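Asks: I'd like to ask you about the structure that follows.
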Amino acid sequence: MFAPMVIEGLTDRAQGAGDATLEIVCGDVVIRLNGSTPAARIAEIVRALTEVHGA
């Protein structure tokens, strides 16, 4: 499975931020996760969105 990803460069505000978040965007749906969310959980969410939306 391929999931496109956009990685933005760190800004002064983002560097060392304790409340870092990860956004998964699928159509009009945006899911914000804590930056420490395990990769396996992120993969489960992306897989589920792909199955539902056929992305």
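The values are calculated or read from the model by the stated rules, or taken from the named source; none is laboratory data. Predicted model, so just to flag it, every value in this text is computed and none were measured. Note that each Cβ is placed from the backbone with ideal geometry, even for glycine, and that neighbours are counted across all protein chains shown. To get the accessible areas, we keep the full protein, side chains included, count just its heavy atoms, and leave off ligands, DNA and RNA. Shrake-Rupley method; radii C 1.70, N 1.55, O 1.52, S 1.80 Å.
Asks: Can you give the accessible area of residue 33 in Å² (nearest 10), computed on protein heavy atoms with a 1.4 Å probe?
Replies: Result for residue 33: roughly 30 Å² accessible.
Asks: Using a basic spin-label model with each label point 7 Å from the Cα along Cα→Cβ, how many nm lie between residue 23 and residue 36?
Replies: Rounded to a tenth, the inter-label distance reads 2.3 nm.
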